[in-house]
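Trainee: Let me begin by handing over the structure; questions about it come next.
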Amino acid sequence: MSQSPATPGSRSTEGGEEKAKRHTISILVEDKFGAFNRIAGMFAAKGYNIDSLSVGPTEDEGVSRMTIVTRGDDQIIEQITKQLNKLIDIIKVVDLTFESFVERELVLVKVGTTTETRPEIMQIAEIFRAKVVDISPRTLTLEATGSQQKVDAIIKMLKPFAIKEIARTGRVALKREFQGEV
């Protein structure tokens, strides 16, 4: 019996292919020209996929935080972490996957609406604690934040109403500091 070769992010096992685990990697990087390109280029050169990527300034001027979601087994993620740490401008790399962390995504969804469907769309928005951020006679634009699962769920609930456009951020995440009981 022949097995297909392992691809990046998977590992061959006796029972077949091991499913790649999704990892959330937080990177502190000096905010310098070309830093983003070097990081994205490392992923491309090694054949690793980026599921989502968010970049923004931190509390320290001149330092940005990148949150990258990627897939891979332990060996692949260890390789990614080592390669990232070798890049210039990298201050710190942390795989948050096995830590307790807070994560959020943001989505803007423009949905086609009529006078008949508007109340139902508004009810879905209320259930998901989404905000109406734009309105026209034929569309509503909603803003929702939450976990990936929550964002996926509101999109799924709005699909029957003819989604016109979606703009979605990648995941942003921070490690939890407090681990005890309140």
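The values are calculated or read from the model by the stated rules, or taken from the named source; none is laboratory data. Nothing here was measured: the structure is a model prediction, and the numbers come from that model. Cβ sites come from the backbone with ideal geometry, for glycine too, and all protein chains shown count toward neighbours.
Trainee: Here is a list: Glu105, Glu99. Which entry is surrounded by 11 or more Cβ atoms within 10 Å (Cβ to Cβ), in contact with a helix residue (DSSP H, G or I) (Cβ under 8 Å, 6 or more places away or on another chain) and either modelled with pLDDT under 95 or under 18 Å from Ser54 (Cβ atoms) (or both)?
Mentor: Of the residues listed, the single one that is surrounded by 11 or more Cβ atoms within 10 Å (Cβ to Cβ), in contact with a helix residue (DSSP H, G or I) (Cβ under 8 Å, 6 or more places away or on another chain) and either modelled with pLDDT under 95 or under 18 Å from Ser54 (Cβ atoms) (or both) is Glu105.
Trainee: Filter region 80-90 for residues that are in contact with a strand residue (DSSP E or B) (Cβ under 7 Å, 6 or more places away or on another chain) and surrounded by 14 or more Cβ atoms within 10 Å (Cβ to Cβ) and give the result. Quick ask: steps written out before the conclusion?
Mentor: Of region 80-90, the ones in contact with a strand residue (DSSP E or B) (Cβ under 7 Å, 6 or more places away or on another chain) are 80-81, 84-85, 89-90.
Answer for region 80-90, where residues must be in contact with a strand residue (DSSP E or B) (Cβ under 7 Å, 6 or more places away or on another chain) and surrounded by 14 or more Cβ atoms within 10 Å (Cβ to Cβ): Ile80, Thr81, Leu84, Asp89, Ile90.
Trainee: Out of all the residues in region 41-55, which are assigned to a loop (DSSP other than H, G, I, E, B) and either of a type in the set (Phe, Trp, Tyr) or over 18 Å from the mean Cα position of the chain (by Cα) (or both)?
Mentor: Correct list: Gly47, Tyr48.
Trainee: Residues that are under 21 Å from the mean Cα position of the chain (by Cα) and touching a residue at least 40 places away in the same chain (Cβ under 8 Å): list the strands (runs of 3 or more DSSP E) wholly contained in region 94-179 that include at least 3 such residues.
Mentor: Where strands (runs of 3 or more DSSP E) fall fully within region 94-179 and carry at least 3 residues being under 21 Å from the mean Cα position of the chain (by Cα) and touching a residue at least 40 places away in the same chain (Cβ under 8 Å), they are 101-112, 163-168, 172-175.
Trainee: Also, quick follow-up: Condition first: part of a loop (DSSP other than H, G, I, E, B), buried (at least 16 other Cβ atoms within 10 Å of the Cβ) and out of contact with any helix residue (DSSP H, G or I) (no Cβ under 8 Å at 6 or more places or on another chain). Can you find one or more residues in region 69-79 that meet it?
Mentor: yes
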